[in-house]
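All of the numbers you see were taken from the coordinates with simple rules; none came from a lab. Since we're looking at a predicted model, the values are computed, not measured. Counting neighbours? That spans all protein chains shown, and the Cβs are built from the backbone with ideal geometry, glycine included.
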Amino acid sequence: MIGASAFTWEIQHMLGHHPHTNHLTNDPDVFSSFPFLRFHPSQKSEPYHRFQHIYAFFLFSLMTLSKVFGQDLQVVYTQQLYHISATCRYSDKFNVGRFILMKLVR
């Protein structure tokens, strides 16, 4: 509904987040917001992290725009999301066509 690709979300969430939940270097939910948000005790603490509960909402809204306009297109082009292969969805030309059509419709 927000314009992001369901395929990209599936790859990020099911193949990235669930197998590597809260793992600092492999969970896309943790390292995609680095260095502005600190989610893990092993991340270096910076003075501005004290206020992340205030500015996190703004950053998350920007992350959504980034996913809709940047990340989706990058994943289709490179067939990779961070360290995760996206060929399971985007190697099929039908899925790529569906992706393009849905981007145009939204």
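With a simple spin-label model that places each label point 7 Å from the Cα along the Cα-to-Cβ direction, the separation between Phe51 and Thr21 comes to 3.3 nm. Its relative contact order, with pairs defined as Cα atoms under 8 Å and 6+ residues apart, puts the chain at 29 percent.
Fully extending the segment from Leu62 to Met102 would add 12.3 nm, taking 0.36 nm per residue of separation and subtracting the current Cα-Cα distance. Ordered by the number of other Cβ atoms lying within 10 Å of each residue's own Cβ, fewest first, His17, His53, His83 fall into the sequence His53, His83, His17. Just grab the label-to-label distance for Ser85 and Gln43, each label 7 Å out from Cα along the Cβ direction, in nm (one decimal). Reported label-point gap for Ser85 and Gln43 is 2.9 nm. I want the local charge near Lys44. Using Cβ-Cβ distances under 15 Å, sum +1 for each Lys or Arg and -1 for each Asp or Glu among the other residues. Local charge sum for Lys44: +1. Amide H to amide H, with H built 1.01 Å from N, His20 comes under 5 Å of no residue 5 or more places away or on another chain. Where does the charge balance sit around Val68 when Lys and Arg score +1, Asp and Glu -1, over other residues with C-beta under 15 Å from its C-beta? That sum, taken over residues with Cβ under 15 Å, equals +2.
Phi angles across the stretch 61-69 convert, under the Karplus curve 6.51 cos²θ - 1.76 cosθ + 1.60 with θ = phi - 60°, into 3J(HN,Hα) values of 5, 5, 5, 5, 4, 4, 5, 5, 9 Hz, Gly and Pro given as x.
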